[in-house]
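K.L.:
Take this structure first; my questions come after.
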Amino acid sequence: MKQFEANFDGLVGPTHNYAGLSFGNVASYSNAAQASNPKAAAKQGLLKAKALADLGMVQGVLAPQERPDLYTLRRIGFSGTDSEVIQKAAEQAPALLNACCSASSMWTANAATVSPSADTRDGKVHFTPANLVDKLHRSIEPLTTGSILKATFNNDRHFKHHLHLPEHANFGDEGAANHTRLCSDYGKAGVELFVYGQSATNSNAPKPNKYPARQTLEASQAVARLHQLEDESCVFIQQNPDVIDQGVFHNDVISVGNQNVLFYHEQAFLNTEAKFAEIRQKMNSEVHFIKVSTNQVSIDDAVKSYLFNTQIITLPNGEMAIIAPTNCQENPAVFAYLNQLVTLGTPITQVKYFDVKQSMQNGGGPACLRLRVAMNELEIEAVNQHTIMNDGLFTRLNTWVDKHYRDSLTVADLADPQLIIESRTSLDELTQILKLGSVYQFQK
Ligand code: SUG
């Protein structure tokens with residue numbers, strides 16, 4: 001049976017804005033209060049997704065969440081009509097309104113951790129939505145994420161959906177952004193690499209000083225248990241706390257893997273040599289560790305350009321390509337490195353650049369915008385086919401964006417009661433396009 005790695009990109013929601021909500025994420029902080037362009041953001045994302053479909057990849061989309069999140073605003077005591085709730089929150093607690101307006105569900109690398117059926121004891125594809133407890137604006141995502149995933153991967157025979165982990169800092173979980181799967185072939189059992197920022201229960205273990213470590217070892221272990229993974233197919237590795245303090249808030253800002261390739265910065269991990277030996281031993285087949293040294297690319301350049309927030313994809317002809325943000329072309333050290341990389345004789349032979357600047361300004365590159373799901377042909381057939389990208393869906397989604405999205409949004413605009421009407425109208429139409437059913441129901 002044929003095996004694929006599908007990418008499910010998060011559609012950018014109509015409230016995409018820059019409110020500077022993510023402490024430890026340099027781009028989010030430094031672009032705070034700029035005007036955003038939700039229409040351009042959504043179209044940039046669609047162009048990337050369509051380009052991958054055109055390259056012969058299996059490409060899907062995941063619906064955004066409803067924002068402003070009136071369910072949460074009511075839950076914390078704002079009452080009245082919808083527009084009164086928004087008006088009171090804007091007056092009394094603007095920071096809470098901003099948190100309830102973020103379009104952060106677009107970064108579907110943080111939607112969930114996914115283990116393909118080749119790795120799991122029951123032979124199903126397992127999904128655990130990330131609880132995202134480190135940031136208020138993200139901690140309100142997991143229940144709806146679970147509904148959207150169930151409506152997209154809607155077949156109990158092939159897909160197993162878990163509830164997100166307990167909502168406590170000990171179980172801080174950021175999903176696939178801190179998880180990479182290495183394998184010789186997508187359909188063969190692989191090694192799932194769980195990267196954590198700190199241990200919640202071992203107070204002697206290293207941790208960052210300045211910025212939060214969003215993922216705990218305990219959360220990664222819980223996901224591995226839930227997904228029925230064998231010990232022989234898991235490796236837990238700690239992210240270097242020094243790089244978290246330099247703005248590497250997720251592992252996918254400093255390393256990325258695909259099949260038998262791990263592309264990483266030399267400062268990415270702790271205890272690198274011993275852990276790589278464990279990976280080699282558990283893989284039991286060749287692994288290409290492509291190391292980028294600090295001399296070649298500094299941590300600062302990696303964080304600014306998002307060199308490691310690239311997608312490494314295997315093209316239908318077996319070669320690998322890197323999907324990079326145009327920011328990598330604009331950074332001389334990174335551009336020089338990428339030009340050299342494709343000549344080194346590794347499986348990576350080409351680089352394709354995409355402008356996803358609207359997302360980048362909030363700290364989300366090409367890899368943040370996608371959730372990877374390795375599947376066989378039968379599993380792909382079991383996916384909600386209305387979410388799979390093709391010429392028809394691309395046209396429909398662009399028309400939908402043109403009809404509903406604004407081309408400028410400031411933080412002050414978040415208090416506009418018209419925004420919730422626009423947002424609901426557009427998402428009602430989207431759930432019909434993608435045939436999702438009532439995924440936002442509980443929020444009402
Ligand atoms: O969680 N930015 C996101 C970016 C997530 C990137 N994802 C991965 N690296 N996989 C975050 O920090 C900013 C939102 C704002 O400020 O409105 C934000 O949430």
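K.L.:
How far is helix 142-152 tilted off the main Cα axis of the chain, in degrees rounded to 10, range 0 to 90?
P.N.:
The two axes meet at around 80 degrees.
K.L.:
Given the DSSP H assignment, sum -39500 (n - 2.57) over each helix run of at least 4 residues in the chain and divide by its residue total; what's the result at 222 nm in deg cm²/dmol, nearest 500?
P.N.:
So the helix-based figure for the chain works out to -9000 deg cm²/dmol.
K.L.:
List the residues, sorted by chain then number, that are 5 or more residues from Cys234 or on another chain and whose placed amide H is less than 5 Å from its amide H.
P.N.:
Excluding prolines and chain starts, which carry no amide H, the hits are Glu192.
K.L.:
Could you go through segment 349-360 in sequence order and give the Karplus-derived ³J(HN,Hα) for each residue, using 6.51 cos²θ - 1.76 cosθ + 1.60 with θ = phi - 60°, rounded to whole Hz, and x for Gly and Pro?
P.N.:
The phi angles translate into 10, 8, 10, 10, 9, 10, 8, 10, 4, 4, 6, 4 Hz.
K.L.:
For Lys2, give me every one of the lysines with a C-alpha distance below 20 angstrom, ignoring sequence neighbours fewer than eight places off in its own chain.
P.N.:
In chain and number order, the partners are Lys124, Lys188.
K.L.:
Counting Lys +1, Arg +1, Asp -1, Glu -1, what net charge surrounds Arg406 among other residues with beta carbon under 14 Å of its beta carbon?
P.N.:
The answer is -1.
K.L.:
Express in whole angstrom the spacing between the alpha-carbon centres of segment 207-284 and segment 321-375.
P.N.:
The two parts, judged by their Cα centres, are 20 Å apart.
K.L.:
Let me ask you something else. What does the charge count around Thr120 come to, taking other residues whose C-beta lies under 11 Å from its C-beta (Lys +1, Arg +1, Asp -1, Glu -1)?
P.N.:
Here the charged neighbours net out to -1.
K.L.:
Sorted by mean Cβ packing within 10 Å, highest first, what order do the peptides 65-74, 247-256 take?
P.N.:
The densest-packed peptide leads the list: 247-256, 65-74.
K.L.:
Something else about it: According to the square roots a ≥ b ≥ c of the eigenvalues of the Cα gyration tensor, what is the shape class of segment 121-269, taking rounded for a/c under 1.5, prolate for a/b larger than b/c otherwise, and oblate for the remainder?
P.N.:
Since a/c reaches 1.5 but b/c is at least a/b, the shape of segment 121-269 is classed as oblate.
K.L.:
Out of all Cα-Cα pairs in segment 226-274, roughly what percent, to the nearest whole number, are more than 12 Å apart?
P.N.:
Distances greater than 12 Å cover 68 percent of the Cα pairs.
K.L.:
Which residue fluctuates most in the GNM of the chain (Cα springs below 10 Å): Thr113, Thr326, Thr425?
P.N.:
Thr425
K.L.:
For a footprinting-style exposure proxy, rank Met283, Met1, Met57 by other Cβ within 10 Å, fewest first.
P.N.:
By the 10 Å Cβ count, ascending: Met1, Met283, Met57.
K.L.:
Here's a follow-up. Could you calculate the contour length gain from Ser438 to Gln385, that is, 0.36 nm times the residue separation minus the distance between their Cα atoms, to one decimal place in nm?
P.N.:
The Ser438-Gln385 span can extend by a further 17.4 nm.
K.L.:
Determine the equivalent ellipsoid of the chain by diagonalising the alpha-carbon gyration tensor, then write out the semi-axes as square roots of 5 times the eigenvalues, largest first, rounded to whole Å.
P.N.:
Equivalent ellipsoid semi-axes, largest first: 32, 24, 22 Å.
K.L.:
Here is a further query. From the phi angles alone, apply the Karplus equation (6.51, -1.76, 1.60; θ = phi - 60°) to segment 241-255 and give each ³J(HN,Hα) in whole Hz, x where the residue is Gly or Pro.
P.N.:
x, 4, 7, 4, 5, 9, x, 8, 7, 9, 4, 6, 9, 9, 7
K.L.:
Which value results for Rg/Rh of segment 26-182 when Rg is the Cα radius of gyration and Rh the Kirkwood radius based on the inverse mean 1/r?
P.N.:
1.00
K.L.:
Return one number: the angle in degrees, 0 to 90 and rounded to the nearest 10, between the long axis of the Cα atoms of helix 38-54 and the longest principal axis of the Cα atoms of the chain.
P.N.:
Approximately 40 degrees, to the nearest 10.
K.L.:
Same structure, new question: Relative contact order of segment 156-276: what whole-number percent is it, with Cα pairs under 8 angstrom and at least 6 residues apart?
P.N.:
28 percent
K.L.:
If you don't mind, there's one more thing I want to ask. Cα to Cα, under 27 Å, and not fewer than 8 places away if on the same chain: which lysines meet these conditions relative to Lys210?
P.N.:
Straight-line reach from Lys210, under 27 Å: Lys135, Lys275, Lys291, Lys304, Lys357.
K.L.:
Now for a different question. With axes computed from alpha carbons, what is the tilt in degrees of helix 217-226 against the longest principal axis of the chain, rounded to the nearest 10 within 0 to 90?
P.N.:
So the helix axis and the longest Cα principal axis differ by about 90 degrees.
K.L.:
Is segment 261-393 best put as rounded, prolate or oblate by its Cα gyration tensor, with a ≥ b ≥ c the root eigenvalues, rounded for a/c under 1.5, and otherwise prolate when a/b is larger than b/c, oblate when not?
P.N.:
It is oblate, given that a/c is not under 1.5 and a/b is not larger than b/c.
K.L.:
A follow-up question, please. In a Gaussian network model over the chain where Cα atoms closer than 10 Å are linked, find which of Glu377, Glu266, Glu167 has the largest mean-square fluctuation.
P.N.:
Glu377
K.L.:
Would you please classify the overall shape of segment 308-371 from the alpha carbon gyration tensor, given that a ≥ b ≥ c denote the square roots of the eigenvalues, rounded means a/c under 1.5, and beyond that prolate means a/b larger than b/c while oblate covers the rest?
P.N.:
Judged from the Cα gyration tensor, segment 308-371 comes out oblate (a/c at least 1.5, b/c at or above a/b).
K.L.:
Let me ask another. When the chain is treated as a GNM, springs tying every alpha-carbon pair under 10 Å, which of Ser359, Ser22, Ser285 comes out with the largest mean-square fluctuation?
P.N.:
Residue with maximal mean-square fluctuation among Ser359, Ser22, Ser285: Ser285.
K.L.:
While we're on this one: If I take every Cα pair under 8 Å that is 6 or more residues apart in the chain, average their sequence separation and divide by the length, what percent do I get for the relative contact order?
P.N.:
25 percent
FYI, it's all coordinate maths here, none of it is from the lab. It should be emphasised that the depicted structure is a prediction, and the values quoted were computed from it without experimental measurement. Here Cβ is always computed from backbone atoms with ideal geometry, including for glycine, and neighbour counts include all displayed protein chains.
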